Amino acid sequence: MITAWLVNARRRLPRELTAVAVAVLCGVAFTPALSAAAKPRPAAVSQGSPEARLLEVYRLLGAGDSRQALVKAESLARDVPNFQLAQLVYGDLLLTRRGKLDAVAVPPSELPASAAAQWSQLRQEATLRLAALTERPPENAVPRQFIDIPPSTRHAIAVDASRSRMYLFVNNEHGLRLVSDHYVSLGKLGMDKKEQGDQRTPLGVYFVTSRLGGAQLKDFYGPGALELNYPNEYDRRRGKTGSGIWLHGVPPQNFARTPQSTDGCVVLANEDISHLLRDVSPRRTPVVIATRIDWVAPGQLDKERGMARALVEQWRQARSGGDVTKLLGFYSPQFSSGTADLAQWAKILDKEVNAGRGRESELKELSILAWRDTSEVLIVTFGEVLKGQLTGPMKRQYWGKEGGQWKIFFEGVIG
């Protein structure tokens, strides 16, 4: 561990070299950007959590109160001894009592290779956690991907890879509201997973499919995990492979992992994943993972929401009308249900429509999510209930732009 190496280094090295070796966080803590942190907009991290306490140390440093910052850092290091970043902050602040340390941009040459790599990751972690204090999402803003989410979907999650940050929203009849955000660790080799074992975290719109308790897993995953539906149907269309992408915790001996240290999963502190395991429901909770979150005011989504709803309504009317030829016009030539291509799907539709001819369908709990990269995609989820019935199957469609027209390239029953 870096901390153990630094303790020994103090005995072996001149004071100047020791100071340089532990200046990693002072390179963050004493940057001019922290002058703005004296009066930050409140972070949404849980009050009293280890991260909130670490951010308070940063805030005190930005306000010039290094004495109180040291008191707070000492308390945090004592209470959460496995929080490596907090230990390093505390060590740095002890050394600042001898004089201001200069920032350094690269690991000291005296560090062993393994410690130098960890040193760089911890410095990056410090920068990212500090950004949570100084770079807040706009007031009442939501990610652009959340076009239309029904009140029955209680939560929504967004991950901003550029900030190693996960945002949790609660949802009701008044819309989405950001309730907390958390530091996360992501893939060792970055983002945009393409194949099994590439150690990258996928980008896209996903859903929580199941909840796995700690008793079902090794200690490596902490108190539990939320499994995602990677690869989704858009991923499959582009030939992406792999599986087992989860939101999960860390081994008991760790508080957190450094920013890029997973095999592709999104990893949180155990306290944070415990809250998600308690609150978040499988099947309907959307999880957006993006390189950078595009925050918009809810009103900015009105036009896209109206367009998407109109599109789905036209499909519903065609299905209720009993004209299979007209209905097939909504489907892509490259359509696949997973087991049927378009020709086979036409036969299935003909059978379904004829069985329900004259019975209008109603779409309940309509959810519409959007994704844009090299293509535009809509992910539409709804319960389809025939008139006169109380329940019906929950379905999901993937719509893509083809020649300027929206077409369904996947449709299936979920759950």
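Residues of segment 324-358 being in a loop (DSSP other than H, G, I, E, B), at negative phi and either over 35 Å from the mean Cα position of the chain (by Cα) or not assigned by TED's automatic domain parsing to the domain that holds residue 310 (or both), which ones? Of everything in segment 324-358, those that are in a loop (DSSP other than H, G, I, E, B), at negative phi and either over 35 Å from the mean Cα position of the chain (by Cα) or not assigned by TED's automatic domain parsing to the domain that holds residue 310 (or both) turn out to be 329, 356, 357. In segment 78-113, of all residues being within 21 Å of residue 66 (Cβ to Cβ) and among the acidic types (Asp, Glu), the one that is modelled with the highest pLDDT corresponds to 79. Just one of (1) touching a residue at least 12 places away in the same chain (Cβ under 8 Å); (2) out of contact with any strand residue (DSSP E or B) (no Cβ under 7 Å at 6 or more places or on another chain); (3) surrounded by 13 or more Cβ atoms within 10 Å (Cβ to Cβ) fails for residue 330. It is (2).
For beta carbons closer than 8 Å, sequence separation of 6+ or different chains, a first residue in segment 372-385 that is more than 23 Å from residue 203 (Cα to Cα) and a second that is polar (S, T, N, Q) and in a loop (DSSP other than H, G, I, E, B), the qualifying pairs are 383/391; 385/391. For segment 273-293, the candidate set comprises residues that are of a type outside the set (Lys, Arg) and assigned to a helix (DSSP H, G or I); within that set, the residue that is surrounded by the fewest Cβ atoms within 10 Å (Cβ to Cβ) is 279. Total residues in segment 386-402 satisfying the condition of being surrounded by fewer than 16 Cβ atoms within 10 Å (Cβ to Cβ) and either among the hydrophobic types (A, V, I, L, M, F, W, C) or within 16 Å of residue 311 (Cα to Cα) (or both): the figure is 4.
When restricted to residues that are at pLDDT 95 or above and either farther than 11 Å from residue 226 by Cα or touching an Asp or Glu at 6+ places or on another chain (Cβ under 7 Å) (or both), segment 276-293 contains 7. Entry remark, segment 48-62: residues being in contact (Cβ under 8 Å) with a residue 12 or more places away in the chain and either under 18 Å from residue 81 (Cα atoms) or surrounded by fewer than 19 Cβ atoms within 10 Å (Cβ to Cβ) (or both) number 8 in total. Here the condition is being within 28 Å of the chain's Cα centre (by Cα) and in a helix (DSSP H, G or I); of 312, 377, it holds for 312 alone.
Going by what's in this entry, would residue 136 be described as modelled with pLDDT of 85 or more and part of a loop (DSSP other than H, G, I, E, B)? It is true that residue 136 is modelled with pLDDT of 85 or more and part of a loop (DSSP other than H, G, I, E, B). Just to be sure, is residue 268 surrounded by fewer than 21 Cβ atoms within 10 Å (Cβ to Cβ), at pLDDT 95 or above and within 17 Å of the chain's Cα centre (by Cα)? So residue 268 does not fit the description; no.
Regarding residue 213, is this residue over 16 Å from the mean Cα position of the chain (by Cα), farther than 19 Å from residue 369 by Cβ and either basic (Lys, Arg) or surrounded by 18 or more Cβ atoms within 10 Å (Cβ to Cβ) (or both)? When the stated conditions are applied, residue 213 does not pass them.
What are the residues in segment 294-326 that are more than 29 Å from residue 144 (Cβ to Cβ) and either surrounded by fewer than 17 Cβ atoms within 10 Å (Cβ to Cβ) or at pLDDT 95 or above (or both), if any? Listed by number, the residues that qualify are 321, 322, 323, 325, 326. Among the residues of segment 172-191, which ones are crowded, with 22+ Cβ neighbours inside 10 Å and out of contact with any helix residue (DSSP H, G or I) (no Cβ under 8 Å at 6 or more places or on another chain)? Passing the criteria: 184, 185, 187.
Please work out if residue 339 is modelled with pLDDT of 90 or more, among the hydroxyl-bearing types (Ser, Thr, Tyr) and over 30 Å from residue 172 (Cβ atoms). Yes; evaluated as a whole, the condition is true for this residue.
The values are calculated or read from the model by the stated rules, or taken from the named source; none is laboratory data. All figures in this text were calculated on a predicted structure; none of them were measured in a lab. Glycine gets a Cβ as well: all are built from the backbone with ideal geometry, and neighbour counts include every protein chain shown.
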